[in-house]
Amino acid sequence: QVQLVESGGGLVQAGGSLRLSCVASGRTFSSYVMGWFRQAPGKAREFVAAIRWSSGNTYYADSMKNRLTISRDNAKNTVYLQMNSLKSEDTAVYYCAAGLTIVVAVPTTYSYWGQGTQVTVSS
């Protein structure tokens, strides 16, 4: 059974940083793209970043790319999202996703999703 489990969310002041983690289990993800999305109340799910597990190639939302670093640890089957200089508009539930044949920024092309972790940025 495939599981993606996110952690690392929480309450942080504007200007602060958080590192989110996504532990993947249940299958081999070496051929997958791992993505991070976020969804704020009343808004559509939004692409944040993605990484191709095999090559390490990374992809970022243009609006956030200067503040983000996505990485993976093969030994731990874990993908990380480092977020810096957080703003109140970054407040959302952040989801980890995995897919094989995907368009990185399109959530419907991902096959597996985690339950999400809440990030709240206070101004």
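The values are calculated or read from the model by the stated rules, or taken from the named source; none is laboratory data. Computed from a predicted model, the values in this text were never measured in an experiment. When we count neighbours, we look across all protein chains shown, and the Cβ atoms used for this are built from the backbone with ideal geometry, even at glycine. In case anyone asks, the SASA skips ligands and DNA or RNA and just uses the protein heavy atoms, side chains included. Shrake-Rupley method; radii C 1.70, N 1.55, O 1.52, S 1.80 Å.
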Among VAL5, VAL12, the single one that is open to solvent by less than 40 Å² (accessible area, probe 1.4 Å) and touching a residue at least 40 places away in the same chain (Cβ under 8 Å) is VAL12
Checking ARG72, ARG52 in turn, the sole residue that is of a type outside the set (S, T, N, Q), open to solvent by 70 Å² or more (accessible area, probe 1.4 Å) and closer than 14 Å to VAL104 by Cα turns out to be ARG52
Listed by first then second residue, the pairs whose first member lies in the stretch 74-90 and is more than 15 Å from SER63 (Cα to Cα) and in contact (Cβ under 8 Å) with a residue 12 or more places away in the chain, whose partner is open to solvent by less than 30 Å² (accessible area, probe 1.4 Å) and part of a loop (DSSP other than H, G, I, E, B), with beta carbons under 7 Å and at least 6 positions apart or on separate chains, are ASN77/PHE29
Practice problem: Please tell me if LEU18 is open to solvent by 20 Å² or more (accessible area, probe 1.4 Å), modelled with pLDDT of 95 or more, out of contact with any Cys (no Cβ under 8 Å at 6 or more places or on another chain) and of a type outside the set (Ser, Thr, Tyr). | Solution: yes
If we ask which residues in the stretch 5-34 are part of a strand (DSSP E or B) and either under 20 Å from LYS87 (Cα atoms) or not β-branched (Val, Ile, Thr) (or both), their number turns out to be 14
